[in-house]
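Encoded as structure tokens, the structure appears first; notes follow it.
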Amino acid sequence: MTSIPTEAIQPQASLRDAPLEKVALETYVPPAKPSLIGLSRAELAEQLGAIGVAPGQRKMRVQQLWHWMYVRGAQTFDEMSNVSKGMRAELEQHFTVDRPEVVAEQISNDGTRKWLLRLPSGHASERPHEVECVYIPETDRGTLCVSSQVGCTLNCTFCHTGTQRLVRNLTAGEIVGQVMVARDRLNDWADRETPSGNRLVTNVVMMGMGEPLYNFDAVRDALLIVSDGEGIGLSRRRITLSTSGVVPNIARTGDEIGVMLAISLHAVRDELRNELVPLNKKYPIAELLDACRAYPGSSNSRRITFEYVMLKGVNDSLDDAKLLVKLLKGIPAKINLIPFNPWPGTRYECSDWDQIEKFSEYVFNAGYSSPVRTPRGRDILAACGQLKSESEKLSARERQALRAMAMTD
């Protein structure tokens, strides 16, 4: 049984106005030649204007670039065969279509892939910024777990990522770039053959490193590109944004992005959630659930997913299950039960399997879908709550070997 610190159950009125999120250590510095990945059509037109493209040609050029980047997955301007040679040379002089660089790739025994990605930057820091991205293949889908920050804004005590310092927010291009890297690595673009004839990346979940709603503008702009029907073209019903409960931006997510919503709940009492998810001190459970009830577009066919990590002796009792059902009354919801994925140094244990089944059965009998998420990628620290750019700890020789493997696959 994990004890709750005494201070966690004392009145915390002052914390209501205190910024619980970490302060980013750095800001994004663009490279000398910035990538066009992640720019909106209007921003692309503006960049083309800056290099002398006439107003009457910009719309056509934007459409050409959009198609080559997001339908064909072009990695150089030279591939853009219907763009004039002179225009390609001009683009090459000023821009790139670079995405994050694959530094290392690990493949789990269950087929899950984790990529350590180095972000292009003009920053002169000794260690380049890196994030992790995970691809989970299943029989009927392929889900890509995407990061929104280098490090994490929050300090959720059960989450490995939460122990990493927040370095900076990702740009829209760096977020979209993770989807493009996955398609590159899986040979998953529209004009390339795939084993089944279908796309391999069918779903995107914003559940990687970081709190997406503390990087709202970049996440919104990226997901609008990912869901654009003339580009990458994923349905918004196949994109899920997970938040620990940044209440003011939940309504904005529905209004401005329109994707599926997931809530990292993990506890049904404020005193425990204050410990597990410290953001709860700022936005307690009742306020969070009110925002969910008002989420634009939610319905029985567009249910909100509540993620609930199963921690032995902490939040897995039948009393917790009963209160969970009571709290979610009136919300179109499903409860995704997540067996805790251990990581080095954690003080938590995963609930016993029979207890998880009892918890799930009670929730299901109360009328809620309550699937138990099958742990994937545990052996490479790619499972839920395990991401932490762990490859930063590798020796130079190990990193070189992993990079060589990634380049030859």
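Side notes on the structure shown:
- Residue list for the stretch 355-379, restricted to those being modelled with pLDDT under 60 and either buried (at least 19 other Cβ atoms within 10 Å of the Cβ) or part of a loop (DSSP other than H, G, I, E, B) (or both): 377
- Any hit, the stretch 103-116, residues being within 17 Å of residue 170 (Cα to Cα), hydroxyl-bearing (Ser, Thr, Tyr), in the same structural domain as residue 167 (by TED's automatic domain parsing) and modelled with pLDDT under 95: no
- Near pairs, Cβ below 6 angstrom, 6+ apart or cross-chain, from the stretch 244-265 (crowded, with 19+ Cβ neighbours inside 10 Å) to any residue that is among the β-branched types (Val, Ile, Thr): 244/277; 259/239; 260/240; 261/304; 262/240; 262/305
- One residue stands out among those in the stretch 71-93 that are within 30 Å of the chain's Cα centre (by Cα) and small (Gly, Ala, Ser): the one that is nearest to residue 183 (Cα to Cα), which is 73.
- Selection status of residue 241, among the aliphatic types (A, V, I, L, M), buried (at least 19 other Cβ atoms within 10 Å of the Cβ) and touching a residue at least 40 places away in the same chain (Cβ under 8 Å): no
- Residue selected from the stretch 298-318 under the condition within 21 Å of the chain's Cα centre (by Cα) and assigned to a loop (DSSP other than H, G, I, E, B), by the criterion farthest from residue 369 (Cα to Cα): 298
- Of the residues making up the stretch 225-247, those that are part of a loop (DSSP other than H, G, I, E, B), more than 18 Å from residue 166 (Cα to Cα) and among the aliphatic types (A, V, I, L, M) are 232, 234.
- Tally of residues being of a type in the set (Gly, Ala, Ser) and in a helix (DSSP H, G or I) across the stretch 208-219: 1
- Residues of the stretch 130-180 classified as at pLDDT 95 or above and out of contact with any strand residue (DSSP E or B) (no Cβ under 7 Å at 6 or more places or on another chain), total: 7
- Residues (among the acidic types (Asp, Glu) and buried (at least 19 other Cβ atoms within 10 Å of the Cβ)) located in the stretch 266-283: 275
- From the options 286, 291, 222, residue that is in a helix (DSSP H, G or I), surrounded by fewer than 18 Cβ atoms within 10 Å (Cβ to Cβ) and small (Gly, Ala, Ser): 286
- Test: residue 323 is outside any loop (DSSP other than H, G, I, E, B), in contact (Cβ under 8 Å) with a residue 12 or more places away in the chain and touching a strand residue (DSSP E or B) at 6+ places or on another chain (Cβ under 9 Å): no
- For the residues 109, 169, the requirement of being touching a helix residue (DSSP H, G or I) at 6+ places or on another chain (Cβ under 9 Å) and over 30 Å from residue 47 (Cα atoms) singles out 109.
- Taken over the stretch 137-185, the criterion of being of a type in the set (A, V, I, L, M), within 25 Å of residue 111 (Cβ to Cβ) and surrounded by 23 or more Cβ atoms within 10 Å (Cβ to Cβ) is satisfied by 144, 146, 175, 176, 179, 180, 182.
The values are calculated or read from the model by the stated rules, or taken from the named source; none is laboratory data. Everything numeric here is computed off the predicted structure, so don't read it as measured data. Here Cβ is always computed from backbone atoms with ideal geometry, including for glycine, and neighbour counts include all displayed protein chains.
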